[in-house]
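The values are calculated or read from the model by the stated rules, or taken from the named source; none is laboratory data. What you see is a predicted model; the values in this text were computed from it and never measured. Cβ coordinates were reconstructed from backbone atoms using ideal geometry, including for glycine residues, and neighbour counts include every protein chain displayed.
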Amino acid sequence: MKKLSLILLTLLCVTVVYAQKNKKEKKSKSKVEVVAPKSLPEITSYALGVNIADGLKQNSEQLGITVDWEWIVRGLREAADGKSQFDSAKMSEAFAKLDSLVKENRDIKARKQKEFLEENKKKAGVITTPSGLQYEVITLGTGDKPTLESNVEVNYEGKTIDGKVFDSSYERGTTTSFKLSNVIPGWQEGLQLMPVGSKFRFYIPSELAYGERGA
């Protein structure tokens, strides 16, 4: 998915091949029966609902907007019944306000990213490449360096500029493998700087990552 904010990425280049909740919740006095979907229409409809919710959640977080789930469900149900409270003019007005809010949030994030990178490049040990990629060498390995045609295996943790982890192979407990030419430009450039066995920290501007669109 797309990320507007600067990505702080720590990568451990492992290899390169060329060519229940902890605490139990108290039981509620009133039991709520959970009904599972059984028929094909029920199963596919439920799956569509989950997919819509996942997409809305990710997009709202990345765009910096707040959604009210009760009203989303109500909107879906009323629209399905042909009883929407909004006509086309009201819908256009609502989305115009949303677009304005999204643009404002993007501008704020872009400004924060620029300020961060300007300060970060002044720190000892931080190297800035001509493309704008910034990195620190934590551990320098002794193996070969990959090329764009290489398949690489890495451990990594990705963070937004505010320190929020959005993806981590460490949390999943397994390395990630991919062809270097298939990933974002910041990874392509950065990983080619890393001999096998290295550990680098990358500061990847949005233009070398996921651009300005939210995820």
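On the stretch given as region 43-90, residues that are under 26 Å from the mean Cα position of the chain (by Cα) and among the hydroxyl-bearing types (S, T, Y) total 3. Residues in region 174-188 that are part of a helix (DSSP H, G or I) and in contact with a strand residue (DSSP E or B) (Cβ under 7 Å, 6 or more places away or on another chain): 2 in all. Scanning region 148-171 for residues being in a loop (DSSP other than H, G, I, E, B) and touching a helix residue (DSSP H, G or I) at 6+ places or on another chain (Cβ under 7 Å) gives a total of 4.
Taking the criterion of being surrounded by 15 or more Cβ atoms within 10 Å (Cβ to Cβ), of a type outside the set (A, V, I, L, M, F, W, C) and out of contact with any strand residue (DSSP E or B) (no Cβ under 6 Å at 6 or more places or on another chain), would at least one residue in region 123-130 satisfy it? No, the conditions are met nowhere in region 123-130. The numbered conditions (1) touching a Leu at 6+ places or on another chain (Cβ under 9 Å); (2) basic (K, R); (3) more than 30 Å from G190 (Cα to Cα) are all true for R77 except (1). Listed by first and then second residue, the pairs with beta-carbon distance under 7 Å, at least 6 apart or on different chains, first residue in region 72-86 and surrounded by 12 or more Cβ atoms within 10 Å (Cβ to Cβ), second of a type in the set (D, E), are S84/E78. Taking the listed residues G158, G163, G132, G141, the one that is at pLDDT 95 or above, among the small types (G, A, S) and outside the structural domain of L63 (by TED's automatic domain parsing) is G132, with no other qualifying.
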